[in-house]
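The values are calculated or read from the model by the stated rules, or taken from the named source; none is laboratory data. Given the structure is predicted, the values throughout are model-derived calculations rather than measurements. For neighbour counting, all protein chains shown are included, and Cβ atoms are generated from backbone atoms with ideal geometry for every residue, glycine included.
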Amino acid sequence: MKRLSSLILALLAIATAHADEVQVAVAANFTAPAKEIAAEFTRQTGHKAVLSFGSTGKLYAQISNGAPFEVFLAANDNTPAKLEKEGKAVTGTRFTYAVGTLILWSANPGLVDAKGDILKSGNFKHLAIANPKTAPYGAAAIEMLTGLKLLAAVQPKFVQGESIAQAFQFASTGNAELSFVALSQVFKDGKLTSGSGWIVPGELHEPILQDAVVLAKGKDNPAAAAFSAYLKTPRAHAIITSFGYALR
Amino acid sequence: MDGINAQFTLDWPGFTLDVDLALPGRGVTALFGHSGSGKTTLLRCLAGLERPSHGRLEFKGKIWQDKDTWLPTHQRPIGYVFQEASLFAHLNVLGNLNFGLKRSTTAQRVGLEQAIELLGIGHLLERKPDTLSGGERQRVGIARTLAVGPEILLMDEPLAALDLKRKQEILPYLERLHDELAIPIIYVSHSPDEVARLADHIVAMDGGRVVAHGPLGETLARLDLPIRLGEDAGVVLDATVGEVDNEWHLARVDFAGGGLWTRDRGLPTGKRVRVRVLARDVSLAVHHPEPSSIQNVLDGTVESLAGDDHPGLLLVRVQVGASQLVARLTRRSAAQLGIAPGLPVSVQIKSVALME
Amino acid sequence: MLTDTDLQAIWLTIRLAGIATLILLVLGPPIAWLLARSRSWWKGPLGAVVALPLVLPPSVLGFYLLLAMGPNGPVGQLTTALGIGTLPFTFWGLVVASVFYSLPFMVQPLQNAFESIGERPLEVAATLRASPFDTFFSVVLPLARPGFITAGILTFAHTVGEFGVVLMIGGNIPGVTRVASVQIYDHVEEMAYADAHRLAAVMLTFSFLVLLAMYTRRPKPARGD
C-alpha cells in the first residue's frame, strides 16, 4: 500500500512538473535550427522546449482540434494570423521569426548551374516540389516559375511531396533529379552540405515570411512567453541565419 | 505371374512396417489385425500413398516400385476406397463418379453404368455429397472407385465409419463385388465378421509384421494363429444349399464333411453359401449323444489341441470329413472326456451363421 | 458533389486496387500452397517475410521501396537497364508497392483455405488418376473458392486503404499516383474540410460495405467429405 501511494505521488509529480516545459509545434523546414535553438534555450533559461514537427497545414489541423501545443513556429504568415482570428492564439504575440530562402537543389553535385538554367533546358525527368496549396515554399516556387514563364514547361514533371521535407526526400534519394526545397535543409555555416543548387533570388517571389505565435494553451505558461522571446535574441538570430534564413 | 509381390520396410518413430508378401491375383484378401498393426499402412504402400524407405512392388508382372522405379499413385491402375467416402464437396454425385472416369486410361472392366447399378445409386446422381447419408456416401465412393476401371481394388475399412444399420446396408453390395468382379480386392478390416463374410484369403498382421497368411478356411482353423480372436474364434466353410424342409422351415447346407441344418432363408437348393461356425458354439461328446435340442451332430476325429485366451479354456481342432471345425472346451471337461489327438468324437453344433 | 479530381482519384484507386488484386491472384496461390503444404525448414522464414507488411509501418516499406526502386537502388538499376526507367512516381511503381503491401492479405486466407482442405481430397484425387498439377486445378482451387473470395476482397479493400506507402513513393501526381486516400490527406492539409468529408464518407461507406459483404456471406465450409 505504501509503495503504491508513493508511486502515485511520483506520477503526480511528473504530471505537474509541466510548469517549466513548453510544447512547441515547428514547421518541417525549421526542424534543424529549432533543435539547436531549443538546446540553447534550455541551457540559458532552465525551461525545457518539447518540439513536434510537421507540415504547417497538418499542425494547424491538430491545433484546431485541441493539440496541446503552446507555441507555433509556422512556415508562413497566414496560418498564425488565422489562428489568432479564430481565438486559438494569443493576440499580439505574432511576429516573423525567419524569412525563408528557396533553392533549386539536386543531390547530383554537377547538375544545377549557378543561374538555374537547367530549368529552361528541360533536361530532367522529375522536379520535386512541396504541395503549393499547403507549403509556402511550394507556393513560392510556383510564383517564381510563373514569373519566368516556365511553369507550363516544367509542370508535367512535378512530383509533389506532402511537405518540403518529403520533397527533399524525393531529391536526396535521387528519385527526383531536381527539387525546390528550403535552403535551410541543405545549407549549414555558409555553404551547401551536399549536391548542387541555385539559390532563387528573393525578388522572384513574395518573401516567405515564417511567423511564430503563442497559442491559447500557452497563454499562462511563462515558459511559452520565454521561448517566444528567446527567438528574438542575438544567439537565436545567429543560429537562424547560419541555416540560410534571412531576418526581418 | 498374375499375383502381387510386395516387400516394404518403413521406419517411423514408434512404428515399423516390415513385410514380404505374395498375394493372390484374384479374390478378396483381407488384411486383418488390430488397430496399429500396420494393415492400413501396408495398403497405402500398395497404393503409393506412402513411400517406404525400401520397397519392391510387383503387380501382375509389372514393377510399380523398386530401387529405381517409382510409379506415383495417379499412374497406378488401382481403385482405392477410403474409410470415409471423402467425396469431393464441390461436385455432385455424377461429378464425383465422372472425376476418375474422365482421367482413366485403363480398360473399363466395370463401366460407370455397371458401377451405378451395382451400388444402387442411380437415384442419387444429381445430389450433392452433403445431402447424402453416410451409407449412401460410401456407396457413391465405392462406385466412383469402380468407375475408374481399376485392375485391383484396395479398400481401407470401408465400413468402419458406419453404424451397424449402414453396415448391413453396404455389406450386400460388397458381397456382390466379390462375386461379380474379376479383379483382386485387398480389404483392410479389424472385424472378424466382415472377414468371414467377404474374404477368400487372409493376411493377419501384428506390430507391422505379417503373422499369418493363407486361404481363409485353413488359416482360421489354425489353432496357433497368433492373433487371438476370443469370442470370434471359429471357422468358415464353403457350402451348398442341399435341401429345404418347408414343413419345419429349415434348410440343409452341405460342406465337405457333412450337412448342417439351419433356418431357411429362402435360398434355392444348389446355391453356394458360406457358413461360419464359431468355436464357442461347438461342443464335443465321446459317445453318441442322447437325443437333444441340438440338431446338428457330426462324427469327427480330434486333430489337435491348443490353449485359449483364458487358462481354463482349450481350443480343439476336429477333422470332420474333409473339413475342420474348432471347438472351445473347458480344460476340465477335456480332461474328463480324455480328449486327445486321434480320439473319435461326436461334434455338436449349436448354431451356424449362414452368409450368402 | 464530388469534384472531377476526386472522381479521378477514386477511379485511379479502383484501377490500382484491381490490378494489384489480379496480380496477387496469380502470385498468391503458389506461395500460399507452398506455405500450406511444405514441411521444409524455409516454411517459417517464408511465412514471416510474407507477413512482414502486416506489422511494418507503411513508412518503412515505402522508404525501402523508394531506395530500392530509385536510380541508385538495385531494382531501379534493373528497371533502368531494361529500359523501363525508374518506378517511383509512376502508376506501375504503385502497383509494385501494393503487391508487396497487400501480399499477406492474399496469401494468408488462401493458406488457411488450403490447409483446411487437408490431405485426404488430394489422396483421393491421386487414386482417381489425377496428377498433382491436375489436382490443384480440379480439386484444390474449387474447394478453396471461399478462401479466394475472402482473399480477393481483403486484398482489394486493403489496397484501396493504402496511404503511407503511396505517400512515400507516389509523388502525388494527379491521375497517376494521387489515389483517394492521398487526395483526402491533401484536402485536410489544405483545410478544405468539406471536400475531405465528402471523399472520406465515400471511403468509409465502401469499406463498411466490403466488410459487411464478407461478414454476412453465407459461410460454406470447404469440406473434403
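Out of the helices (runs of 4 or more DSSP H) lying entirely within region A:1-113, which hold 3 or more residues that are over 21 Å from the mean Cα position of the chain (by Cα), over 17 Å from A:Val213 (Cα atoms) and modelled with pLDDT under 85?
Details: elements: A:2-16, A:31-45, A:56-64, A:78-85.
Counting at least 3 such residues, we get A:2-16.
Quick check on this structure: which one of B:Arg274, B:Arg265, B:Arg252 is touching a residue at least 60 places away in the same chain (Cβ under 8 Å), part of a strand (DSSP E or B) and either more than 22 Å from B:Pro341 (Cβ to Cβ) or among the basic types (Lys, Arg) (or both)?
On the way: B:Arg265 fails: part of a strand (DSSP E or B); B:Arg252 fails: touching a residue at least 60 places away in the same chain (Cβ under 8 Å).
Only one candidate passes the filter, namely B:Arg274.
Any residue at all in region B:52-72 that is of a type outside the set (Asp, Glu), assigned to a loop (DSSP other than H, G, I, E, B), farther than 25 Å from B:Pro24 by Cβ and within 9 Å of chain C (Cβ to nearest Cβ)? I'd like the intermediate steps shown before the answer.
First, the residues of region B:52-72 that are of a type outside the set (Asp, Glu): B:52-57, B:59-65, B:67, B:69-72.
Applying the additional criterion that residues be assigned to a loop (DSSP other than H, G, I, E, B) yields B:52-53, B:60-61, B:67, B:69, B:71-72.
Right, trim to farther than 25 Å from B:Pro24 by Cβ and you get B:53, B:67, B:72.
Checking which are within 9 Å of chain C (Cβ to nearest Cβ) leaves us with B:72.
Scanning region B:52-72, I find at least one residue that is of a type outside the set (Asp, Glu), assigned to a loop (DSSP other than H, G, I, E, B), farther than 25 Å from B:Pro24 by Cβ and within 9 Å of chain C (Cβ to nearest Cβ), so the answer is yes.
Just to be sure I understand, how many residues within region B:145-197 are closer than 19 Å to B:Gly214 by Cβ, among the hydroxyl-bearing types (Ser, Thr, Tyr) and in contact with a Phe, Trp or Tyr (Cβ under 7 Å, 6 or more places away or on another chain)?
1
Quick check: anything in region B:101-120 away from chain C (no Cβ under 12 Å), in contact with a Phe, Trp or Tyr (Cβ under 9 Å, 6 or more places away or on another chain) and in a helix (DSSP H, G or I)? So that I can check it myself, show each step before the final result.
Filtering region B:101-120 down to residues away from chain C (no Cβ under 12 Å) leaves B:107-120.
If we keep only those that are in contact with a Phe, Trp or Tyr (Cβ under 9 Å, 6 or more places away or on another chain) too, we end up with B:118-120.
Those left that are additionally in a helix (DSSP H, G or I): B:118-119.
So far as region B:101-120 goes, yes, one or more of its residues are away from chain C (no Cβ under 12 Å), in contact with a Phe, Trp or Tyr (Cβ under 9 Å, 6 or more places away or on another chain) and in a helix (DSSP H, G or I).
Mind listing just one residue for me: the one in region A:42-67 that is more than 21 Å from A:Asn29 (Cα to Cα) and more than 14 Å from chain C (Cβ to nearest Cβ) and, of those, surrounded by the most Cβ atoms within 10 Å (Cβ to Cβ)?
A:His47
On the basis of being outside any loop (DSSP other than H, G, I, E, B), at pLDDT 90 or above and either surrounded by 14 or more Cβ atoms within 10 Å (Cβ to Cβ) or more than 25 Å from the chain's Cα centre (by Cα) (or both), does B:Val297 make the cut?
Working: outside any loop (DSSP other than H, G, I, E, B): yes; at pLDDT 90 or above: no; either surrounded by 14 or more Cβ atoms within 10 Å (Cβ to Cβ) or more than 25 Å from the chain's Cα centre (by Cα) (or both): yes.
Spelling it out, it is not the case that B:Val297 is outside any loop (DSSP other than H, G, I, E, B), at pLDDT 90 or above and either surrounded by 14 or more Cβ atoms within 10 Å (Cβ to Cβ) or more than 25 Å from the chain's Cα centre (by Cα) (or both).
Considering only residues that are farther than 22 Å from C:Leu25 by Cα and crowded, with 19+ Cβ neighbours inside 10 Å, look in region C:128-163 and name the one that is farthest from the other protein chains (Cβ to nearest Cβ).
Top of the filtered list is C:Ala130.
Give just the number: which of (1) under 24 Å from B:Thr240 (Cβ atoms); (2) surrounded by fewer than 20 Cβ atoms within 10 Å (Cβ to Cβ) does B:Gly342 not satisfy?
Among (1) under 24 Å from B:Thr240 (Cβ atoms); (2) surrounded by fewer than 20 Cβ atoms within 10 Å (Cβ to Cβ), B:Gly342 violates only (1).
With more than 14 Å from chain C (Cβ to nearest Cβ) and either buried (at least 18 other Cβ atoms within 10 Å of the Cβ) or among the aliphatic types (A, V, I, L, M) (or both) as the only criterion, which of A:Ile142, A:Ile164 stands out? It would help to see each step written out before you state the result.
Details: A:Ile164 fails: more than 14 Å from chain C (Cβ to nearest Cβ).
Answer to the check: A:Ile142.
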